[in-house]
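To start, the structure itself, in structure tokens.
Nothing in this text is a laboratory measurement; each read-out follows from the coordinates by a stated rule. Bear in mind that the values here come from a model prediction, so they are computed numbers and not experimental data. Please note: Cβ atoms are built from the backbone with ideal geometry, for glycine as well, and neighbour counts cover all protein chains shown.
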Amino acid sequence: GSECTVSITVVGASGDLAKKKIFPALFALYYEGCLPKHFTICGYARSKMTDAELRNMVSKTLTCRIDKRENCSEKMDQFLKRCFYHSGQYDSQENFAALDKTLKEHEGGRTSNRLFYLSIPPNIFIDAVKCASLSASSGNGGWTRVIVEKPFGRDSDSSAALTTSLKQYLTEDQIFRIDHYLGKELVENLSVLRFSNLIFEPLWSRQYIRNVQLIFSEDFGTEGRGGYFDNYGIIRDIMQNHLLQILALFAMETPVSLDAEDIRNEKVKVLRSMRPLKLEDVVLGQYKNHTRGGVTYPAYIDDKTVPKDSLTPTFAAAALFIDNARWDGVPFLMKAGKALHNKRAEIRVQFRHVPGNLYNRNFGTDLDRATNELVIRVQPDEAIYLKINNKVPGLGMKLDRSNLNLHYAARYSKEIPDAYERLLLDAIEGERRLFIRSDELDAAWSLFTPVLNEIEEKKIIPEYYPYGSRGPVCAHYLAARYNVRWGDLG
Ligand code: BG6
């Protein structure tokens with residue numbers, strides 16, 4: 001209602017995520033008219049800063065994403081006027097009580113809904129939750145919600161401990177665990193593709209699908225983030241959350257409805273049907289330095305914040321299996337790596353051979369190349385394409401592979417929103433569909449915890465791959481063991 005107000009406090013306001021993602025996403029929502037009439041954005045961090053300094057800092061990363069032709073400096077100014085700064089310690093109830101006072105002034109006696117975005121390191125996380133909930137939560141009938149970013153622990157036990165501590169201060173309903181991959185346009189579209197097109201869902205099983213590949217690559221290393229990354233590694237950073245979330249949406253059964261609880265129930269079910277990952281089904285890699293065109297790209301261990309003898313994987317490939325009627329025996333292969341030759345996230349679905357294919361002889365000996373493949377390119381250059389066999393026009397009978405291609409940039413003129421825009425809006429509106437429930441988190445950790453422990457106990461040495469390459473060769477052997485060829489390698 002018009003007498004409600006939303007106060008959004010970005011805790012850790014001077015951090016990278018806040019600057020690069022959260023403030024720009026809030027501005028985009030403001031620009032699109034998605035924020036309520038009365039709102040306040042408050043940056044909270046330890047360093048001393050004035051409102052003007054915060055505004056200046058924030059203004060540097062705001063862009064006119066929505067309409068590039070328009071000069072949106074006026075809108076930016078209006079937005080920045082609603083941004084304030086409050087300095088305080090993350091573990092001080094007194095400082096949060098002072099924040100509460102400031103927020104109240106801005107709220108002007110209206111019902112206050114309060115959203116806290118915790119963009120701070122895990123070791124100070126619980127303290128901040130405690131202080132926010134005890135000293136700065138909405139006191140007058142509005143809601144209080146907290147968005148939390150991973151890492152949600154580093155294995156089953158630490159994650160469960162974190163959940164227990166969180167629940168001392170917040171109900172599950174108030175906790176919004178973000179996995180920003182769920183906010184990506186093509187990940188949201190997965191369910192539309194499957195459940196509203198007759199031609200996909202009937203094929204969505206072991207009967208027609210040979211394997212599914214979830215691929216994440218970045219063409220830059222951990223430069224600057226080594227301190228965080230070294231304690232986690234690529235399996236925890238990308239696989240256990242982003243890729244596994246995509247897998248769950250891809251493989252879940254049809255939910256009863258599109259309600260948050262119905263969807264998350266199905267995701268938990270499919271995660272619980274999976275076999276914990278085994279060491280023999282994992283390939284680990286770490287990038288080493290490489291000189292190309294006169295430029296030397298650093299090794300992972302060249303990062304000053306990374307111990308010289310670190311074995312932390314910056315690349316991993318894994319084969320996972322879902323032991324249910326739909327997916328029995330279908331390998332789900334994941335591959336995630338940093339400092340590779342390109343930046344990409346995609347889902348590849350390789351279909352089976354056509355039984356008794358009349359055209360087999362037209363494909364030569366490599367029949368695997370003649371199967372259909374559906375590619376959902378999450379980023380960059382969003383696209384969905386289906387590889388089909390087609391007759392090359394002409395008098396002869398020559399076949400080739402062509403794409404039925406839905407290329408977003410060609411089809412839609414509207415810019416694709418950033419994942420954080422959708423997720424922030426959902427959190428403000430209380431829509432929980434794209435946030436991770438605690439039982440999902442438990443199930444996700446159960447799949448990876450045993451192998452993560454084994455990797456650390458046995459001090460498994462990763463395969464070293466050159467910065468900017470296609471990653472460890474062993475990833476091919478892993479795929480080959482399950483008769484799979486990585487689709488992204490042609
Ligand atoms: C984060 C990881 O969750 O996702 C980073 O911690 C990674 O290591 C990032 O770079 C990738 O996100 P995006 O949206 O840029 O693909």
**Fill in**
Quick numbers on the chain, Rg and Dmax over C-alpha atoms in Å, give 24.1, 83
**Message:** As a test of understanding, state the convex hull volume per residue of region 361-456 from its alpha carbons, in Å³.
**Reply:** 198
**Message:** Using alpha carbons only, how many angstrom separate the centre of region 141-159 from the centre of region 197-231?
**Reply:** 24
**Message:** Let's see if you can work this out: charge +1 on each Lys and Arg Cβ, -1 on each Asp and Glu Cβ, no other charges. What is the dipole magnitude of region 131-177 about its Cα centre, in debye to the nearest 20?
**Reply:** 100
**Request:** Calculate the length of the line joining the C-alpha centroid of region 467-490 to that of region 357-394, in whole Å.
**Result:** 19
**Complete:** Of all DSSP beta bridges having both residues in the chain, the percent classed as antiparallel (nearest 5) is 50
**Prompt:** How high is the FRET efficiency between Lys458 and Lys101 when r is their beta carbon distance and R₀ equals 41 Å, given to the nearest 0.05?
**Reply:** 0.15
**Net charge of neighbours whose Cβ lies under 10 Å from the Cβ of Gly487, counting Lys and Arg as +1 and Asp and Glu as -1** = 0
**Fill in**
Applying a 4.7 angstrom Cβ cut-off across the chain, unpaired cysteine residues come out as Cys4, Cys34, Cys42, Cys83, Cys131, Cys474
**Complete:** Among Ser47, Asn113, Thr61, the residue whose Cα sits farthest towards the positive end of the charge dipole of the chain, when +1 is placed on the Cβ of each Lys and Arg and -1 on the Cβ of each Asp and Glu, is Thr61
**Prompt:** Of Thr449, Tyr467, Ile428, which is farthest on the positive side of the dipole of region 413-490, counting Cα position, with +1 on Lys and Arg Cβ, -1 on Asp and Glu Cβ, and the Cα centre as origin?
**Reply:** Tyr467
**Asked** To the nearest Å, what is the center-to-center distance of region 99-122 and region 232-302, using C-alpha atoms only?
**Response** 34
**Fill in**
So the pair-distance distribution of region 52-202, from every Cα-Cα distance in 5 Å bins, comes to percents of 2, 7, 12, 14, 15, 15, 13, 10, 6, 3, 1, 0
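Determine the calculated [θ] at 222 nm for the chain from helices alone, applying -39500 (n - 2.57) to every DSSP H run no shorter than 4 residues and normalising by the residue count; nearest 500 deg cm²/dmol.
Values: 14 runs with 146 residues, N = 490.
Helix-only estimate at 222 nm: -9000 deg cm²/dmol.
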**Prompt:** Tally Lys and Arg at +1 and Asp and Glu at -1 over the other residues with C-beta under 15 Å from the C-beta of Asn265: what net charge comes out?
**Reply:** -2
**Message:** Let me spell out the model: positive unit charges on the Cβ of Lys and Arg, negative unit charges on the Cβ of Asp and Glu, origin at the Cα centre of the chain. What dipole size does that give, in debye rounded to 20?
**Reply:** 1200
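Using Cα pairs under 8 angstrom and six or more residues apart, how large is the relative contact order of the chain, in percent?
17
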**Request:** Using a cut-off of 13 Å between beta-carbons, work out the net charge of the residues near Glu201 (Lys and Arg +1, Asp and Glu -1, Glu201 not included).
**Result:** +1
**Request:** Among the listed pairs Lys104/Lys184; Lys338/Lys458; Lys20/Lys278; Lys130/Lys308; Lys21/Lys304, give every one whose C-alpha distance is greater than 28 Å.
**Result:** Lys104/Lys184; Lys20/Lys278; Lys130/Lys308
